[in-house]
1. Among the candidates R39, R53, which residue alone is assigned to a helix (DSSP H, G or I), surrounded by 10 or more Cβ atoms within 10 Å (Cβ to Cβ), out of contact with any Leu (no Cβ under 7 Å at 6 or more places or on another chain) and modelled with pLDDT of 95 or more?
2. Only one of these conditions is not met by V17: (1) among the β-branched types (V, I, T); (2) at pLDDT below 95; (3) surrounded by 10 or more Cβ atoms within 10 Å (Cβ to Cβ). Which number is it?
Amino acid sequence: MGSCSATLPRLTSGVSVCTLKTSEMFLACVFQSHEEDDRKVRRREKNRVAAQRSRKKQTQKADKLHEEYESLEQENTSLKREIGKLTDEMKHLSEVLKDHEKICPLLHCTMNFVTVPRPDALTSCLPR
């Protein structure tokens, strides 16, 4: 309970001598102890509410981080799919270019030093 240092004088039989002064001291001790108890209760309640608030805030932060993680995972999966598609397209275009190089008259022309190709040579390279 409290930290009141007042003690009640006792007779040899162990019964308290209750004078006005000791009664007042006893009541002051009880009142002080009651005030301390009230203060402890209020402090504990305030601390309990603060702890609840802190746990709620921590939970909300964790939920937000989890949502961000899920979003980034989806974006990562989407980007990996796009990389796969672009890689396939690059392989296809490389093969088309390789096939084209085999038949392109501009690459086989003996006069490769000409910087501006003739229009008739270009049209013969285009697919029909």
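The values are calculated or read from the model by the stated rules, or taken from the named source; none is laboratory data. The model shown is predicted, which means the values in this text are computed figures rather than measured ones. A quick note on method: Cβ atoms are made from the backbone with ideal geometry, for glycine too, and the neighbour counts reach across all protein chains shown.
1. Details: R39 fails: modelled with pLDDT of 95 or more.
Only one candidate qualifies: R53.
2. The number of the failed condition is (3).
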